[in-house]
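Quick notes on the structure that follows.
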Amino acid sequence: MIAFAIHRTIRKSYGVPSSPEHSVPRTGGRSAPAIETGRTRILMMVGLAVFAFTSICVRLVDLAMFQVAEEPATARAAYKAGVTTQRGDIVDRNGVLLATNLTTASLYAKPNEISNGDEIANQLATVLPDLDVQSVAAKLNGDGRFMWIRRNLTPRQQWRVNRLGQPGLDFQTEEARVYPQGALGAHLLGYADIDNKGLAGIEKAYDESLRTNRDPVQVSLDIRVQHVLRDELSRAVAEFAAVGAAGIILNVKNSEVIALVSLPDFDPNHPSDAADNQRFNRATLGVYEVGSTFKIFTTAIALDTGVVDLSGGYDATQPIRISRFTIRDFHPEARWLSVPEIFMHSSNIGAAKMALDFGGETQRAYLSQLGLLDSLPIALAETGAPMIPRPWRSINTMTIGFGHGIAISALHLAAGAAATINGGLYNPPTFVMGPHNASETSPAGRRVFSEATSLKMRKLMRLVVEKGTGRKGAAPGYLVGGKTGTAETLSAGNYSSDRLLSSFVGAFPMNDPRYLVLVMLDSPKGNTKTKGFATGGWTAAPVVSRVVQRMAPFVAIVPIDEGAPEVRRELAIEITPKRLRLATY
Amino acid sequence: MKTFAVVVWFGLACAAGFALFNVTFKVEKLEAELGELNRQILDDQQSIHILKAEWSYLDRPERLETLADSYLPEFKTDRAPVSIRIELLPTRNAKEAYVPSAALSASDAKTTIGKRQ
């Protein structure tokens with residue numbers, strides 16, 4: 001079109017008539033060179049125009065088809081990002097959600113824009129019945145610029161407040177930390193404050209990671225097993241009117257914590273409602289003199305160092321008197337006892353003599369290898385430091401032999417006991433799985449005892465449940481082995497027989513242990529069912545028995561026939577070697 | 001001939017203009033649609049996030065046990081184990097010979113089955 005217009009203009013300017021019959025220019029006239037010049041010019045103009053338009057076209061095609069990267073980014077998909085929260089989720093080992101952030105609305109007011117404070121306060125009280133009407137009304141009538149009325153409303157409350165139609169009220173979108181499983185796992189998970197800052201447990205230990213990382217933190221708990229343990233412990237606490245209880249289930253092979261309960265517990269959704277007693281973690285923070293369960297270590301050390309053999313033994317006829325202490329047996333047999341007998345009858349005299357045999361130095365070295373003399377290398381802030389005697393005299397060596405004079409946490413005990421039965425390898429306990437697990441120890445563990453010692457310990461622990469003090473810990477088909485413990489606790493500087501710490505460390509199946517169950521009851525009271533006894537064998541062992549039976553299906557352990565010859569052979573142990581009996585009598 | 005060319009070029013120009021605007025409007029519409037979809041997806045993700053928390057809440061072992069107690073009375077056995085070895089299940093045909101495993105005696109099998117029933 002433009003070229004056409006140019007053509008017309010040129011014709012006009014040269015006085016050429018526009019009619020078709022005169023359209024052929026005359027040549028050979030005086031104006032011929034001028035016409036030639038004109039044509040050349042026209043051609044040049046056309047050439048320029050064509051060049052300009054072609055380049056514009058090329059650029060257009062280029063922009064339209066090949067310049068994808070410079071397109072505006074409106075077409076980008078937004079959904080890949082997903083829901084972003086201020087704090088990551090916590091899930092259990094099977095991916096069950098244990099903690100998450102939900103968007104909520106928080107109600108605030110601008111008092112300087114409100115004239116009818118009393119009316120609003122009264123209206124709000126119909127939606128939020130526990131609102132302190134007077135103080136809110138007073139604040140609303142003031143001339144502040146901002147005040148929170150209630151944070152983290154439920155959707156229904158928000159709707160009802162909206163329906164009041166008061167212009168001075170407004171909502172701020174916030175995030176609230178929610179623990180759908182309630183008190184289950186509360187002590188391990190911990191809790192976060194209203195501003196989403198971790199204050200205890202995993203929430204505190206992995207605070208940074210939860211804030212910055214989008215992936216959930218996976219804890220090693222199995223919430224089903226956790227429930228079983230909590231349920232059975234609660235029952236025992238109610239039955240024996242105990243002050244509290246602690247329970248731990250460990251994977252024997254790698255010391256992963258499968259369940260960890262401390263009673264009384266609390267609802268992490270409302271941590272401020274909980275008393276200090278409820279928030280206290282008895283499983284990891286509380287340190288106790290655990291009593292006879294400690295004989296697991298004493299016996300293992302004695303067997304490992306070779307100071308005594310399974311066929312050896314000690315004279316437990318007389319209580320030991322040393323300085324102002326007397327070491328006596330709770331279940332006195334008052335005779336020479338073989339090592340298996342010392343273990344199954346839980347003889348303090350025997351254990352003390354055993355400890356004296358291998359000596360304080362060795363004891364200290366082994367206990368240190370078992371991680372019992374230092375705080376556990378775990379991320380939790382709620383970690384109790386063991387109380388150990390300084391200096392370590394021979395009286396200490398003897399009392400530590402049967403679990404007195406040293407205070408450790410339940411988790412210390414569980415991890416140490418796992419090392420004695422899993423083939424002799426110590427692994428520090430862990431709570432977290434996957435990329436968040438920063439544990440530096442190799443999965444192989446640290447060798448403390450020999451394989452042979454470990455096998456002997458398995459046999460001994462099975463013996464305790466089969467014939468010794470832990471008979472109530474048996475769970476038919478699951479080959480439970482264990483050790484009872486009953487310690488008098490210190491109150492006002494004296495050991496009191498009214499306040500016992502009754503415990504049972506069990507593991508199953510004993511021919512190839514997979515899980516360790518530790519139950520500890522604080523100050524249980526005996527009842528008619530237990531014939532008045534409140535010892536570990538009567539109170540804690542039955543809990544372990546029930547926990548094992550209930551948890552086994554979840555962890556895919558099928559019951560076996562405990563009486564089968566190959567099973568019996570595997571764990572066979574001679575209690576009173578004839579050779580020695582002849583020699584002694 | 002020239003008129004024809006003019007008409008053709010004019011027609012082409014109009015067509016190009018029309019096509020251009022048509023495409024532009026279509027793209028705008030699609031972009032709006034995409035924006036709406038993205039918003040919906042985010043909304044849905046938010047709902048799924050809340051539903052997950054709700055599911056975890058409804059899935060509490062404690063609650064499941066209560067429900068099982070009321071709706072599955074056959075399992076209400078004081079929380080006793082409900083799993084046994086497959087060999088211990090009674091055979092469908094009573095005449096079928098029962099072959100006990102090496103680790104199990106037939107009498108054990110009977111007592112366990114008895115307990116379960």
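The values are calculated or read from the model by the stated rules, or taken from the named source; none is laboratory data. A quick note: this is a predicted structure, and the numbers were derived from the prediction, not measured. Counting neighbours? That spans all protein chains shown, and the Cβs are built from the backbone with ideal geometry, glycine included. Quick note on the areas: whole protein, heavy atoms, side chains included, nothing else; ligands and nucleic acids left out. Shrake-Rupley method; radii C 1.70, N 1.55, O 1.52, S 1.80 Å.
Some observations on this one:
- Geometric extent, Cα atoms of the stretch A:90-219 - Rg, Dmax (angstrom): 18.1, 55
- Chain A: angle of helix A:117-127 to the longest principal axis, Cα-based, in degrees nearest 10: 60 degrees
- R0 of 60 Å, Cβ-Cβ distance A:Ala34-B:Asn38: FRET efficiency to nearest 0.05: 0.30
- Nonlocal amide H pairs with A:Thr430, under 5 Å, H built at 1.01 Å: A:Glu256, A:Val257
- Sites A:Asn112 and B:Leu72 - FRET efficiency at Förster radius 56 Å, r taken between beta-carbons, to 0.05: 0.40
- Label sites at A:Glu208 and B:Glu65, each approximated as a point 7 angstrom past Cα along Cα to Cβ, lie 3.9 nm apart.
- Distance between the modelled labels on A:Ala385 and A:Asp315, one decimal in nanometres: 4.3 nm (7 Å Cα→Cβ projection).
- For the stretch A:459-585: rounded, prolate or oblate by the Cα gyration tensor [a/c cutoff 1.5]: oblate
- Cα-based helix-to-principal-axis angle, A:32-61 vs chain A, degrees rounded to 10: 20 degrees
- Ranking A:Ala125, A:Asn112, A:Leu97 by how far each Cα lies toward the positive end of the dipole of the stretch A:90-219 (charges on Cβ) leaves A:Leu97 at the top.
- The long axis of helix A:223-239 is offset from the longest Cα principal axis of chain A by roughly 40 degrees.
- Other protein chain Cβ atoms within 10 Å, averaged over every residue that makes up A:544-553: 2
- Legend: distances between Cα atoms for A:Lys472/A:Lys531; A:Lys353/A:Lys456; A:Lys353/A:Lys531; pairs beyond 21 Å are A:Lys353/A:Lys531.
- Overall form of chain A per C-alpha gyration tensor (a/c, 1.5; a/b vs b/c): prolate
- Rolling a 1.4 Å probe over the protein heavy atoms of the stretch A:90-219, with every protein chain left in place, gives an accessible area that is 45 percent carbon and sulfur.
- Electrostatic bookkeeping for A:Ala487 treats Lys and Arg as +1 and Asp and Glu as -1; over the other residues with beta carbon under 11 Å from its beta carbon, the sum is -2.
- Taking every protein chain into account, the accessible area of chain A amounts to 47 square angstrom per residue (probe 1.4 Å).
- The separation of the stretch A:125-173 from the stretch A:495-509, counted between C-alpha centres, amounts to 52 Å.
- Local electrostatic count, A:Asn116, Cβ distance below 15 Å [Lys/Arg +1, Asp/Glu -1]: -2
- For the pair A and B, total buried accessible area rounded to nearest 100 Å², probe 1.4 Å: 2700 Å²
- Between the stretch A:332-389 and the stretch A:270-301, the C-alpha centres lie 16 angstrom from each other.
- For the stretch A:368-511: rounded, prolate or oblate by the Cα gyration tensor [a/c cutoff 1.5]: oblate
- Using a Förster distance of 25 Å, the FRET efficiency for A:Phe51-B:Lys29 (Cβ separation, nearest 0.05): 0.10
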